[in-house]
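A.B. asks: Handing you this structure, nothing more for now.
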């Protein structure tokens, strides 16, 4: 992103962080929100959160040196009465509230669920510049977030990862290591991850379309 902090970057009439938080606040199943950030970014995040009134409690906590540590810190800040946790990437601010509710419903039924969308393109496995294999596209999904887990299951998965010295970049992998099945809930292609400057142009267009549909 050329040095731009994408989570604090403007989007629409507000910003990436505010847009994503408002989507979760509109869901009946969500009780509270935990925002995890780097320690050096705390003042900027606090300023953003203080400038806007959210209908649900929003806590701010510091992350760790890895993604897994950051999620662990976020989960530790969740209120004890919460039985399920929904882990979301702040760089996906266009998540649809209806998709949040559907993946939560699947997690309540099975213990673990993730949003995802079917792969549109043909995927090739390549080694040293040579195509080695072509997986069956009908079985391939692009994983999104939120990923939702029964809290006790996620805690057990974190304990196992710590005991094995493993560090995962995907929370589904963390739970799969327990031998647990994770349900794939089909989401929306509009739930894009903001990674490059071009993604912001796409996100602005998608946001305008979503706002038109809400009118």
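A.B. asks: If we keep just the residues of region 159-180 that are in a helix (DSSP H, G or I), over 17 Å from the mean Cα position of the chain (by Cα) and without any contact (Cβ under 8 Å) to a residue 60 or more places away in the chain, which is nearest to residue 115 (Cα to Cα)?
C.D. replies: This residue is 176.
A.B. asks: Which condition does residue 99 not pass, out of (1) under 22 Å from residue 190 (Cβ atoms); (2) under 13 Å from the mean Cα position of the chain (by Cα); (3) modelled with pLDDT under 95, if it passes all the others?
C.D. replies: (3)
A.B. asks: Is it the case that region 73-81 has a residue that's surrounded by 13 or more Cβ atoms within 10 Å (Cβ to Cβ) and either modelled with pLDDT under 95 or within 27 Å of residue 197 (Cα to Cα) (or both)?
C.D. replies: no
A.B. asks: Residues 137, 180: which one is farther than 22 Å from residue 93 by Cβ and modelled with pLDDT of 95 or more? Don't jump to the end; show me each part of the working.
C.D. replies: Working: 137 fails: modelled with pLDDT of 95 or more.
When all the criteria are applied, what remains is 180.
A.B. asks: May I pose another question? Filter region 81-106 down to residues that are out of contact with any helix residue (DSSP H, G or I) (no Cβ under 7 Å at 6 or more places or on another chain) and in a helix (DSSP H, G or I) and give me whichever is farthest from residue 168 (Cα to Cα).
C.D. replies: Only one residue tops the list, namely 98.
A.B. asks: Using beta carbons and a limit of 6 Å, which pairs, at least six apart or on different chains, have the first residue in region 187-215 and surrounded by 11 or more Cβ atoms within 10 Å (Cβ to Cβ) and the second one modelled with pLDDT under 95 and in a helix (DSSP H, G or I)?
C.D. replies: Within 6 Å, the pairs are 194/6.
A.B. asks: Based on what the data block shows, is residue 25 over 18 Å from residue 88 (Cβ atoms) and either surrounded by fewer than 17 Cβ atoms within 10 Å (Cβ to Cβ) or touching a strand residue (DSSP E or B) at 6+ places or on another chain (Cβ under 8 Å) (or both)?
C.D. replies: no
A.B. asks: Okay, moving on. For region 45-68, check the following and say yes or no: at least one residue is closer than 17 Å to residue 14 by Cβ, touching a helix residue (DSSP H, G or I) at 6+ places or on another chain (Cβ under 6 Å), at pLDDT below 95 and not in a loop (DSSP other than H, G, I, E, B).
C.D. replies: Yes, there is a match, as at least one residue in region 45-68 is closer than 17 Å to residue 14 by Cβ, touching a helix residue (DSSP H, G or I) at 6+ places or on another chain (Cβ under 6 Å), at pLDDT below 95 and not in a loop (DSSP other than H, G, I, E, B).
The values are calculated or read from the model by the stated rules, or taken from the named source; none is laboratory data. These figures come from a predicted structure and were not determined experimentally. Cβ coordinates were reconstructed from backbone atoms using ideal geometry, including for glycine residues, and neighbour counts include every protein chain displayed.
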